[in-house]
Amino acid sequence: MTDTIDRTDADGNRVLDHLIVRFAGDSGDGMQLTGDRFTSVSASFGNDLSTFPDFPAEIRAPAGTVNGVSAFQVNIADHDITTPGDEPNVLVAMNPAALKADLDRLQMGGTLIVNEDSFSERDLEKAGYVTDEGPNGETINPLDDGSLSGYRVLQVPMTSLTKQVCEPLGVKPRDAERSKNFFALGLVSWMYTRPLEPTIEWIEKKFAKNEQVVAANKAALLAGFNFGETTAAVGHRYEVRPATLPPGEYTSITGNTALAWGLVAAGQLSKLPVTLGSYPITPASDILHELSKHKHFGIRTVQAEDEIAAVGVALGAAFAGHLGVTTTSGPGVALKSETISLGVAIELPMLVIDIQRGGPSTGLPTKTEASDLNMALNGRHGESPLPIVASYSPAQCFHAAIEAARIALKYRTPVILLSDGYLANGSEPWNLPDVDSLPDISVPFATEFNHTDAEGNDEFWPYLRDENLARPWAIPGTPGLMHRVGGLEKKDGTGNIDYTPENHERMTELREAKVAKVAQDIPPTVVEGDEDADVLVLGWGSTWAAIDAAVQRRRRAGVKVAKAHIMHLNPLPPDLEGILRRYPRVILPELNRGQLAHHLRGKFLIDITPLSKVQGLPFKSREIEAAIDDAVASLQSEQNGAAS
């Protein structure tokens, strides 16, 4: 099966240390639900896990076509893992299009489970299994032509067996066919010793309003499980034992859910109501959906008519004394840029959350990328610097949201929080934090006069700054503290409109210095790996998982390498330049064309090797391993040349 089989348990099950399963089928085949249920049961079982939901870019591509394939990949393990895996050990293909789209991902010798009922000539033709695209082309059936000889193939009549078990229930054949994903889930559950009870309970709760749907889904699930148990071709059962994780209470969480919960926590920790202004956009919409469930925590959500209105709601809420938040993806950030610049000028705390996706323009709406960094750094008119925070794992999105809110409140500035589609939709076990361990991020409102004029009268100066260069936050209606806001340049201190050259330069420098002061709060950068390494792998954002796996593997192979990951992208950690200068080679994997690498080169004048990927897919750890090996070989070659 795989090289992870190393023992057999008392029940005769083959024991694996990890397993990577990819469910793939048409958009209407329920692959996301199937993968989610397999993940949920594995999390309850105690496995460590990491998931990669892979959605088609079209809302509803033609059924049976490669463009319409929806997939869900999950890696479960008996030890700590960080990635959904490079190559699946098991591929469940519900139709020819899924097979064509994802076969090249399956490891050689892996298990391929196909729904043989869906391999009709028409299905094969729609998936592109033809000798010629012209009218004279003939269909090719990969199940018969020997092209799958490198895999362990299980041909299962999922559709017909599902219809068969649903017929006595009075379910129409067309309706019964919709339950075939539960047949697949039942079969895989038997093969890899996943209990059925949690899924049965979920079915009964999820579809409680339709007894026939409950009965059909349960019947299909049990039929798949029994098929595995009674069919000799399926072979041995395999088991992935529970992982040994730090003690605590765990839940499986996606990045968007964790980020939403982080915003709820930020509201509680700051003792402020949270107002989200959002316009639905993939892949950020789930944050709006989740936050709308938490009104009892003082959360207000507004689904605005467009992106500009949404950010206006957030900035207006900040002026009124709320923690203002707006969520979007790349195209929305572009539309919000003028109002974000207004936030820079007014100097109010606001969170701009960008769940990045492939661009430009509409681009790849459901595919991941991290190519908005340049826009986050420079995508506003004038000199308008902002702090930038980047989350790096699904669970860490919770803490990234709190950190972004802390900075915004303390320094009275908009903050951009970067996540991406891979983090947003991926999931992992999360050890729920002790609430008492979370920081107090509350800040006081201005309630009194803070200046005395030349005649000895008390007055309020809205731009009289504290030690962090943050201006007072006086909410409307506070007696005596009425003040002017707007986009016109303000005079330092008084806040009066002032166009003089000297004042504009001073205010520009003050806003820049205020953002630079955020660096005083950034903890030391953690460097892990070999202390005497010549190669450092630097990362940001969702590359963390693949970098971690790659560095661990190369070190186990005897290669000396170190890694560091940064969450604060503006300002950068104060110790970063010194760390980078310690290493002859610095590799920087990015899901863009090297945006941070170019930024660091310009700032520190240090040569950094970018490793770019813009395929709408996250890095595979082996891609980073190859870059590490190339860097080590290059250094050795240079050293040998110098010696000769």
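The values are calculated or read from the model by the stated rules, or taken from the named source; none is laboratory data. In this text, all values refer to a predicted model and were calculated from it rather than measured experimentally. Reconstructed Cβ throughout: ideal geometry from the backbone, glycine too, with neighbour counts over all protein chains shown. Quick note on the areas: whole protein, heavy atoms, side chains included, nothing else; ligands and nucleic acids left out. Shrake-Rupley method; radii C 1.70, N 1.55, O 1.52, S 1.80 Å.
Tabulated values for the structure
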item	result
With every protein chain in place, the chain: carbon and sulfur % of accessible area (1.4 Å)	50
Mean-position separation - Cα centroids, segment 120-175 and segment 450-527, in angstrom	67
Distance cut-off 19 Å, percentage of C-alpha pairs in segment 326-422 lying past it	37
Radius of gyration and Dmax over the Cα atoms of segment 377-448, both given in Å	15.0, 47
Between 0 and 90°, nearest 10: helix 307-319 axis offset from the chain longest Cα axis	50
Across K100/K613; K271/K603; K218/K295; K180/K295; K491/K603, pairs whose alpha-carbon gap is larger than 26 Å	K271/K603; K218/K295; K180/K295; K491/K603
Förster radius 51 Å - calculated FRET efficiency between L222 and D607, Cβ distance, rounded to 0.05	0.25
Shape category assigned to segment 260-363 from the gyration tensor of Cα positions, a/c cut at 1.5	oblate
Using alpha-carbon coordinates, inclination of helix 501-517 to the longest axis of the chain, degrees	50
Low-density loop positions, GluC sites (Glu not before Pro), segment 84-166 - DSSP coil, at most 14 other Cβ in 10 Å	E133, E138
Those residues of segment 493-533 whose amide nitrogen sits under 19 Å from the label point placed on S637, 7 Å along Cα→Cβ	none
E489/K295 FRET efficiency (R0 60 Å; Cβ-Cβ; nearest 0.05)	0.95
Amide H partners (placed H, <5 Å) of Q356, local residues excluded	S419, D420, G421
Under-5 Å amide H pairs with W430, H placed in peptide plane, nonlocal only	T251, S252, I253
Loop-located GluC sites (Glu not before Pro) in segment 466-570, at most 12 other Cβ atoms within 10 Å (DSSP)	E467, E531
Label-point separation, D132 to L335 (7 Å along Cα→Cβ), nm	4.8
Trypsin sites (Lys or Arg not before Pro) within segment 179-224, DSSP loop, no more than 12 other Cβ atoms inside 10 Å	K209
L611 long-range amide H proximity, modeled H, under 5 Å	L588, E590
Extension reserve of the K206-D530 stretch, reckoned as 0.36 nm per residue once the Cα distance is removed	111.7 nm
Sites L617 and Q268, calculated FRET efficiency, Cβ-Cβ separation with R0 45 Å, nearest 0.05	0.80
Shape box of the chain [Cα atoms, principal axes, largest first, Å]	96, 77, 57
Segment 79-193: equivalent-ellipsoid semi-axes (sqrt of 5 x gyration tensor eigenvalues, Cα, Å)	24, 24, 11
Tilt relative to the chain, helix 544-556 - C-alpha long axis, 0 to 90 degrees, to 10	70
Length-normalised contact order of the chain in % [C-alpha pairs under 8 Å, at least 6 apart]	11
J(HN,Hα) series, segment 522-531, from Karplus relation 6.51 cos²θ - 1.76 cosθ + 1.60, nearest Hz, glycine and proline x	6, x, x, 5, 8, 10, 10, x, 7, 5
Surface accessible to a 1.4 Å probe, per residue, for the residues of the chain, Å²	42
